[in-house]
Amino acid sequence: MITVEKPVDRTKYSLLSVVIPVYQEGSHIKNTVKIIEDVLISNNITYEFIFVDDGSTDNTFSELKSLARDNWRVSVVRLSRNFGKESAICAGLDYAAGDMILTMDADLQHPPEVIPAMVDAWLNEGYDVVEGVKHSRGKENIIYRVCAKFFYYMVNKSSDVNLERASDFKLMDRKVVEAWKKLPERTSFFRGMSAWLGFRRKEIEFDVAKRVAGRSKWSLFRLLRLAANAVTSYTTVPLHFITLLGAVMLFGAVVLGVQTLYMKLSGRAGSGFTTVILLQLIIGSAIMTSLGIIGLYLSKIYHEVKARPRYIVSEYIRGGEDK
């Protein structure tokens, strides 16, 4: 059972925690902070930054350390290695102290100019979760775009979580974040888990901007791993697919058996070598696919049973002071 925390008072002085996971973003992170700060200051929003360095090997941490030394509103959490974006978001939510918490990317593909509208929806309209949803996905590889559409279609159709046009760009009330922290999963999928929580929600559209610098850190392998994690986290449909596949194979076996007996009894039976080979390939591939799906779920159970932490912090800097 998850008990909802007592609601915070929503005033114009409420603190906004901006949680930003970073990995290899040293070339432009200071410019990112300046652009976001200009938007927040011009709209009289009280804020703090929580940067989570997810094991960067470039100058990202030194740049963040410099920011924290010069700006008391900046806190930096450095993870002991690269745990992945999902774990970095978890760390940022754990360290955020705000009445409302905003998660966004460091490359400014999540436009800062949308933030005031998100804060206003929380402050004046009473929404607990304000989600940035993609009006357009920007310039993407056509293969990636097709794969993304297929992935979200499968998740939406096979679970009670609607992730269509979803993103990690969202503002959450403190009580939502506290509820999130009580979810026990070790392998997290932020978009899905935050959607599963419910609460009063509003969507605000945005156009995905061009990256300010650098290249996307999402390789094909990492995207496939994220997709597998998402599907196995929110639906058991792949397991039911095995049952359906078995039923189809049984039906085919019955039909083929009847046809074979008829051909045998009528004296028209052939050698059937090609048919045997095809059947072996079909049955073998069905078995291997089924074992692979079961293996995905077993691996999820394996990681949950080990109960290792989502991340390990090697350094924490707040307001220029090492903690």
Task: Lone unmet requirement of (1) surrounded by 15 or more Cβ atoms within 10 Å (Cβ to Cβ); (2) under 30 Å from Leu279 (Cα atoms); (3) modelled with pLDDT of 75 or more for Val248 - done: (1)
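Which one is modelled with the lowest pLDDT among residues in region 100-110 that are crowded, with 22+ Cβ neighbours inside 10 Å and not small (Gly, Ala, Ser)? Walk me through it before giving the result.
Applying the first criterion (crowded, with 22+ Cβ neighbours inside 10 Å) to region 100-110 yields 100-104, 106, 110.
Within this subset, residues satisfying the condition of being not small (Gly, Ala, Ser) are 100-104, 110.
Details: Met100: 91, Ile101: 94, Leu102: 93, Thr103: 91, Met104: 89, His110: 85.
Among those that are crowded, with 22+ Cβ neighbours inside 10 Å and not small (Gly, Ala, Ser), it is His110.
Yes or no: Leu224 assigned by TED's automatic domain parsing to the domain that holds Asp168, at pLDDT below 75 and loosely packed, with under 13 Cβ neighbours inside 10 Å? Explain how you work it out, then say what you get.
Working: assigned by TED's automatic domain parsing to the domain that holds Asp168: yes; at pLDDT below 75: yes; loosely packed, with under 13 Cβ neighbours inside 10 Å: yes.
So Leu224 fits the description; yes.
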Task: Output for region 66-94, where each listed residue is under 24 Å from Lys182 (Cα atoms) and of a type in the set (Phe, Trp, Tyr) - done: Phe83
- [ ] Of the numbered conditions (1) of a type outside the set (Phe, Trp, Tyr); (2) surrounded by fewer than 18 Cβ atoms within 10 Å (Cβ to Cβ); (3) farther than 21 Å from Pro111 by Cα; (4) modelled with pLDDT of 75 or more, Arg174 fails exactly one; give the number of that condition.
- [x] (2)
Task: Which numbered condition Ser194 fails, given (1) of a type in the set (S, T, N, Q); (2) at pLDDT 75 or above; (3) assigned to a loop (DSSP other than H, G, I, E, B) - done: (3)
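The values are calculated or read from the model by the stated rules, or taken from the named source; none is laboratory data. Computed from a prediction, not measured in an experiment: that's the story for all the values here. Reconstructed Cβ throughout: ideal geometry from the backbone, glycine too, with neighbour counts over all protein chains shown.
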